[in-house]
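First the structure, in the form of structure tokens, and then the observations on it.
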Number of protein chains: 2
Amino acid sequence: MRDVANALGVSSMTVSRALRRDTSVAPDTRAAVLKAVAALGYVPDQTAGSLSSRRSRFVAALIPSLNNPHFSETAQALSTEFEARGLQLLLGYTNYDAVKEEALVTAMLRRKPEAIVLTNDGHTKATRAMLHRAKIPVFEMWDLPKKPIGRSVGFSNTQAMHDFVRALAEKGYRRIVFLGERDDEGTRGAARRAGYLAAIAELGLEPRLSNIIRPPATMSDGAAGLDLVLSEWPDSDLIICVSDPLAFGVIMACRSRAISVPETLAVAGFGDFEVARVSHPGITTVSIDAHAIGQRTAQAVLDALADRTSAREPRNLILPIQITMRESA
Amino acid sequence: MRDVANALGVSSMTVSRALRRDTSVAPDTRAAVLKAVAALGYVPDQTAGSLSSRRSRFVAALIPSLNNPHFSETAQALSTEFEARGLQLLLGYTNYDAVKEEALVTAMLRRKPEAIVLTNDGHTKATRAMLHRAKIPVFEMWDLPKKPIGRSVGFSNTQAMHDFVRALAEKGYRRIVFLGERDDEGTRGAARRAGYLAAIAELGLEPRLSNIIRPPATMSDGAAGLDLVLSEWPDSDLIICVSDPLAFGVIMACRSRAISVPETLAVAGFGDFEVARVSHPGITTVSIDAHAIGQRTAQAVLDALADRTSAREPRNLILPIQITMRESA
DNA sequence: GTATACAGTGTTATCGATAACAATATGAGG
DNA sequence: CCTCATATTGTTATCGATAACACTGTATAC
């Protein structure tokens with residue numbers, strides 16, 4: 001920066017101002033500075049700038065995994081929105097692990113992000129303490145947290161599954177199984193099961209819970225899941241699976257057992273993963289707008305940073321889900 | 001930091017040393033410092049540390065998109081490897097656009113990353129100039145660059161398709177069509193087409209090129225693609241599609257036209273996307289180990305940063321691809 | 001007993017920018 | 001022609017850590 005200043009015979013403060021276009025600098029001076037900057041190939045040091053101005057222009061976000069297309073889409077939306085405002089997204093992967101999350105939060109806070117976005121519910125005590133001390137806006141997205149730290153943007157797995165079951169019941173299904181995971185306390189799967197149970201109770205139907213071994217349920221658990229359901233409740237007319245990949249596995253198993261879907265047995269999933277679209281039959285499922293979650297969260301973060309957080313706005317923003325009826329149910 | 005130092009009656013330099021565990025500090029002193037740090041909830045300011053030590057502990061990586069599972073997997077591998085060494089990944093999305101890439105490189109370089117990883121081949125002049133001036137290790141991954149800037153880690157689309165065609169010819173296919181994109185100069189699709197043409201020439205077969213409208217080819221282009229192929233070369237026995245989604249679309253179109261795959265017409269894809277696995281029939285394709293690309297790139301970056309870049313190692317690391325034969329060809 | 005090495009800690013300068021305030025010039029108004 | 005507001009630029013201190021060197025005390029070698 002000094003080189004640029006010397007080349008023009010001005011002070012480095014003038015160069016700084018010209019580059020940040022936020023204070024009054026004569027148009028000619030600014031032009032000359034920009035020209036010299038380009039000529040010399042000067043790249044400002046944001047680290048020094050951040051230290052001095054106490055604005056890092058970072059926003060940290062922790063997501064469980066990038067390999068889940070839902071989260072990668074949310075991350076991309078966050079990144080795009082922030083970038084447009086000159087903020088850099090600092091991304092970390094918790095791998096659904098609260099201890100790893102704690103380590104990542106520690107690492108992130110050293111970078112002095114202006115806000116932080118979390119995805120998992122369920123944080124360690126230490127994580128909560130650190131976030132509290134950091135005195136920056138904290139956002140939780142995707143799941144609605146039971147004990148919110150700051151504001152949140154997401155949807156209710158319980159409510160979504162509740163609505164889904166009612167919509168399917170309206171199509172005539174009565175002997176409805178929920179095929180989920182065992183030992184899944186605190187996970188999304190458990191929240192979905194709760195929604196299923198609530199809806200079934202309201203409808204006066206018989207609750208039929210089948211659980212395969214361990215989260216996460218995958219395509220290859222489909223065969224075992226189907227066998228389990230058929231042995232417990234052979235007359236079922238619909239299996240609602242905790243997620244689309246499991247539903248796909250169940251449909252594959254139906255095919256090899258010559259059970260026609262949906263005529264003999266209907267199958268539904270959750271999440272609207274790609275597999276739900278390309279499956280034959282297409283899987284009836286619950287669609288979540290991952291991009292919207294990212295966008296709305298980013299908007300909330302930007303509002304908080306601009307201190308535009310109107311008191312009217314809810315602390316918990318609940319986004320609507322969409323039920324996508326395809327051929328499988 | 002001063003608070004911690006005062007609380008213990010030591011200098012802040014001692015606190016700094018104790019926290020970085022890289023210089024000699026008495027074990028008792030270190031323990032006391034760590035205890036005080038925990039008690040006070042002190043979070044070191046990495047920004048100040050970076051400015052002073054001139055080590056940002058950032059590595060920048062630009063990928064075309066997070067929504068492509070290949071790239072998100074690579075990104076996750078990079079992040080994991082770097083994190084284990086205390087480096088933070090700075091991620092950006094170019095959206096396959098060299099101009100956007102230039103803007104991102106500018107933004108990234110302000111953060112003084114210790115190395116930078118790029119994905120697209122084809123950079124603007126300004127991008128190259130900036131990277132050169134930055135005097136940090138530059139890596140290109142996925143595609144092997146025509147004009148490498150630094151080192152590279154990836155595979156050759158041309159070579160991969162060449163090998164793929166030969167492997168399929170060995171299975172007996174002779175009237176082989178390449179279904180790709182129009183106006184795709186410089187893209188991966190064009191490189192694959194070149195590999196197809198080379199293999200076909202070696203085999204003494206007739207080149208059959210069909211091109212649908214514009215990149216990127218998607219599932220929904222399958223029907224048009226199939227019609228195009230059938231009108232130009234009705235007797236074809238194999239269609240190699242530029243990517244798996246297109247291959248899936250072609251297979252779907254075959255189904256609705258009652259063409260049996262692979263008996264009447266075989267179909268192959270490229271990339272081993274999820275759709276290739278869940279399709280019925282499963283799609284014969286070329287598998288690329290996206291995770292390995294990330295891992296190997298990270299390793300190369302770490303080597304460069306540790307100055308362990310042995311002269312033996314090639315500047316361009318070419319990873320093997322794998323041909324995955326499924327039912328569709 | 002003295003010289004030397006080294007472990008452990010402190011002091012000072014500095015990283016490269018920006019904030020806050022100071023100084024100067026310019027033009028309007030009377 | 002003088003005063004004052006405003007536009008533009010400069011000066012100095014500072015952000016919070018680390019590098020480099022200085023210093024002290026203890027152990028070791030002879």
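How far apart, in nm, are the 7 Å Cα→Cβ label points at A:Thr29 and A:Ile213?
My value for the distance between the label points is 7.1 nm.
Bins of 10 Å, beginning at zero and ending with the bin holding the largest distance: percent of Cα pairs per bin for the stretch B:2-44, please.
Spelled out per bin, shortest first, that is 33, 63, 4.
For peptide A:108-116, how many partner chain Cβ atoms fall within 10 Å of a residue's Cβ, on average? Can you show the working numbers first?
Values: counts 2, 4, 9, 9, 5, 0, 0, 0, 0.
Mean partner-chain Cβ count within 10 Å for A:108-116: 3.
May I ask you to list the GluC sites (Glu not before Pro) in the stretch B:201-280 that are in a DSSP loop and have at most 16 other Cβ atoms within 10 Å of their Cβ?
B:Glu263
Every other copy gets compared here: list the nm distances from the B:His280 label point (7 Å along Cα to Cβ) to its counterparts, shortest first, one decimal.
Output for B:His280: 0.8 nm, nearest copy listed first.
In nm, what does the list of distances from B:Arg166 to its counterparts in the other copies look like, shortest first, when each label sits 7 Å along Cα to Cβ?
Inter-copy label distances (nm, one decimal, shortest first): 6.3.
Calculate the length of the line joining the C-alpha centroid of the stretch B:246-290 to that of the stretch A:17-65, in whole Å.
First find each Cα centre; the distance between them is then 50 Å.
List every residue whose amide H lies under 5 Å from the amide H of A:Arg208, counting only residues 5 or more places away in sequence or on a different chain, with H placed 1.01 Å from N in the peptide plane.
The answer is A:Phe178.
Rg and Dmax of the protein assembly as shown, using alpha carbons, in Å: what are they?
When restricted to Cα atoms, the protein assembly as shown yields Rg and Dmax of 27.9, 87 Å.
Round to the nearest 0.05 the FRET efficiency obtained for B:Glu263 and B:Val99 when R0 = 56 Å and r is the Cβ-Cβ distance. Intermediate results must be reported in sequence, preceding the final value.
Values: r = 48 Å, r/R0 = 0.85.
Given R0 = 56 Å and the Cβ-Cβ separation, E is 0.75.
How about the stretch B:119-187: which GluC sites (Glu not before Pro) there lie in a loop by DSSP and see at most 11 other Cβ atoms within 10 Å?
Filter output for the stretch B:119-187: B:Glu185.
Express the carbon and sulfur contribution to the solvent-accessible surface of the protein assembly as shown as a percent, rounded to the nearest whole number, probe 1.4 angstrom. Walk me through the intermediate numbers first.
Numbers: 15110 of 29040 Å².
C and S fraction of accessible area: 52 percent.
I'd like the FRET efficiency for B:Ser287 and B:Val43, computed as 1/(1 + (r/R0)^6) with the beta carbon distance as r and R0 of 45 Å, rounded to 0.05. Could the numbers behind the result be given before it?
Working: r = 44 Å, r/R0 = 0.97.
That pair, B:Ser287 with B:Val43, gives E of 0.55.
Mind ranking A:264-272, A:121-129 by how tightly packed they are, going by the mean number of other C-beta atoms within 10 angstrom, highest first?
Averaged packing, sorted descending, gives the order A:264-272, A:121-129.
With every protein chain left in place and a probe of 1.4 Å, what is the accessible surface of A:Ser79, to the nearest 10 Å²?
About 10 Å², ignoring ligands and nucleic acids.
Provide, in order from the shortest bin, the percent of all Cα-Cα pairs of the stretch A:157-287 in each 5 Å bin, continuing until the bin that contains the maximum pair distance.
The distribution over the stretch A:157-287 is 2, 12, 24, 27, 22, 11, 2, 0, given as percents.
Have a look at the stretch B:222-311 and give its Rg and Dmax from the Cα atoms, expressed in angstrom.
19.0, 60
With a 1.4 Å probe and every protein chain left in place, work out the accessible area per residue of chain A in Å², rounded to a whole number.
With the other protein chains kept in place, chain A gives 44 Å² per residue.
Which residues of the stretch A:15-55 end up with at least 10 Å² less accessible area in the presence of all protein chains than when their chain stands alone, using a 1.4 Å probe?
With the partner chains in place, the stretch A:15-55 has these residues losing at least 10 Å²: A:Gly41, A:Val43, A:Pro44, A:Asp45, A:Gln46, A:Thr47, A:Ala48, A:Ser50, A:Leu51.
Using a cut-off of under 14 Å, list every residue of the stretch A:213-232 whose amide N is near the label point 7 Å from the Cα of B:His280 along the Cα-to-beta-carbon line.
A:223
How far is it, in nm, from the label point at B:Lys147 to the one at A:Arg2 when both lie 7 Å from their Cα along the line to the Cβ?
Simple spin-label model gives 3.6 nm for this pair.
If you average the C-alpha positions of the stretch A:167-202 and of the stretch A:86-143 separately, how far apart do those two centres end up, in angstrom?
Taking the Cα centre of the stretch A:86-143 as reference, the centre of the stretch A:167-202 is 31 Å away.
Grab the alpha carbons of chain B, take their convex hull, and tell me the volume per residue in Å³. Spell out each step's value before the answer.
On the way: hull volume 53.1 nm³, N = 329.
Each residue corresponds to 161 Å³ of Cα convex hull volume.
Tell me, what is the Rg over Rh of the stretch A:123-173, with Rh the Kirkwood radius over Cα pairs?
Reported Rg/Rh, Kirkwood definition of Rh: 1.26.
Let me know the mean shielding of A:85-93 by other chains, meaning the per-residue number of their Cβ atoms within 10 Å of its Cβ.
4
Got the A:Ala224 label distances to the other copies yet, label 7 Å along Cα→Cβ, in nm, shortest first?
Here the equivalent label points are 4.5 nm apart from this one.
Find the relative contact order for chain B and round it to a whole percent, using C-alpha pairs within less than 8 Å whose residues are 6+ positions apart.
After rounding, I find 15 percent.
Write down the percent of antiparallel bridges among all DSSP beta bridges whose residues are both part of the stretch A:180-329, to the nearest 5.
Once the DSSP bridges in the stretch A:180-329 are tallied, antiparallel ones form about 30 percent.
Report the Cα-based extents of the stretch B:55-151 along its three principal axes, largest first, to the nearest Å.
34, 32, 22
With label points built 7 Å along Cα→Cβ from the Cα atoms of A:Lys125 and B:Ala198, find their separation and express it in nm.
Rounded to a tenth, the inter-label distance reads 6.3 nm.
The values are calculated or read from the model by the stated rules, or taken from the named source; none is laboratory data. Remember, predicted model here, so these are calculated numbers, not experimental data. FYI the Cβ positions are ideal-geometry reconstructions off the backbone, even for glycines, and counts take in every protein chain you see. Accessible surface is based on the protein model in full, side chains and every heavy atom, while ligands, DNA and RNA are left aside. Shrake-Rupley method; radii C 1.70, N 1.55, O 1.52, S 1.80 Å.
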